[in-house]
Amino acid sequence: MLFYLFSTEELERLFARLDYAFDPEMIPRNVAYYSERTSHGSTLSRVVDAWVLARRDRPRSWSLFTQALESDVADIQGGTTSEGIHLGAMAGTVDLIQRCYAGIEVRDQRLWLNPVLPEELKRLRFRLRFRGQTLEVEINEDRVRLREISPEADVIRLTAGSETVSLSAGETHEIKRGAGPLFVESP
């Protein structure tokens, strides 16, 4: 479950604060161990497993993600949809897109974007609010495009790799993917 809740970088920081050694190789070992034992008796298990497998087996992650999306439409639990929708699974699929595939995380008082889109997801576009600022984010195979759409927004700073730019209301900036995580700082 830790691999669902926290990024590798955040886990490294948490382990260090607890004075425990952290070996990134423990992630694939743990994922393999629990994947062999997961029965998917719940629609939520597909969401969690899709998240965890996104680091190790992206095609399987996408397959589980799409199964979670279809859980109520196809009634994959064999009759439970008539008792009510699986709201947790539906919310989990949105979370999976945002935090896992788009790589959104708030850390160190900054918004981080570190996208790793599945091969099947060629383009992702959404709006988000961060500290009173509304941003339109578009991610595709080779770039991240950010547009500040708050009409009276303060200037925000975008940092990717060694490049830092300021973005005012109505302005757009594109950053080539692969330059490392993108940081958004707001006053």
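Of a type in the set (A, V, I, L, M) and surrounded by 15 or more Cβ atoms within 10 Å (Cβ to Cβ): is that true of VAL116 in this structure? Criteria not met by VAL116.
Just checking, which of ARG131, ARG110, ARG125, ARG157 is at pLDDT below 90 and under 17 Å from the mean Cα position of the chain (by Cα)?
ARG110
Within the stretch 75-87, not a single residue is modelled with pLDDT of 80 or more and more than 21 Å from TRP112 (Cβ to Cβ). Note on the stretch 18-44: among residues that are buried (at least 17 other Cβ atoms within 10 Å of the Cβ) and within 18 Å of the chain's Cα centre (by Cα), the one that is farthest from PRO115 (Cα to Cα) is VAL31. Looking at the stretch 153-166, is at least one residue among the basic types (Lys, Arg), surrounded by 14 or more Cβ atoms within 10 Å (Cβ to Cβ), outside the structural domain of ARG60 (by TED's automatic domain parsing) and part of a strand (DSSP E or B)? Within the stretch 153-166, one or more residues are among the basic types (Lys, Arg), surrounded by 14 or more Cβ atoms within 10 Å (Cβ to Cβ), outside the structural domain of ARG60 (by TED's automatic domain parsing) and part of a strand (DSSP E or B). For the stretch 167-187, the tally of residues that are crowded, with 16+ Cβ neighbours inside 10 Å, of a type outside the set (D, E, K, R) and not in a strand (DSSP E or B) stands at 3.
When restricted to residues that are more than 17 Å from ALA89 (Cβ to Cβ), aliphatic (A, V, I, L, M) and at pLDDT 85 or above, the stretch 29-64 contains 0.
Here LEU121 does not fit the description of being assigned by TED's automatic domain parsing to the domain that holds ARG58, surrounded by 14 or more Cβ atoms within 10 Å (Cβ to Cβ) and closer than 19 Å to ARG58 by Cα. Scanning the stretch 12-28 for residues that are at pLDDT 85 or above and either of a type outside the set (Phe, Trp, Tyr) or in a loop (DSSP other than H, G, I, E, B) (or both) returns GLU12, ARG13, LEU14, ALA16, ARG17, LEU18, ASP19, TYR20, ALA21, PHE22, ASP23.
For GLU136, the test of being of a type outside the set (Val, Ile, Thr), part of a strand (DSSP E or B), more than 15 Å from the chain's Cα centre (by Cα) and not assigned by TED's automatic domain parsing to the domain that holds ARG60 is passed.
The values are calculated or read from the model by the stated rules, or taken from the named source; none is laboratory data. Note that the structure is predicted; figures quoted are calculated from it, not measured. Cβ sites come from the backbone with ideal geometry, for glycine too, and all protein chains shown count toward neighbours.
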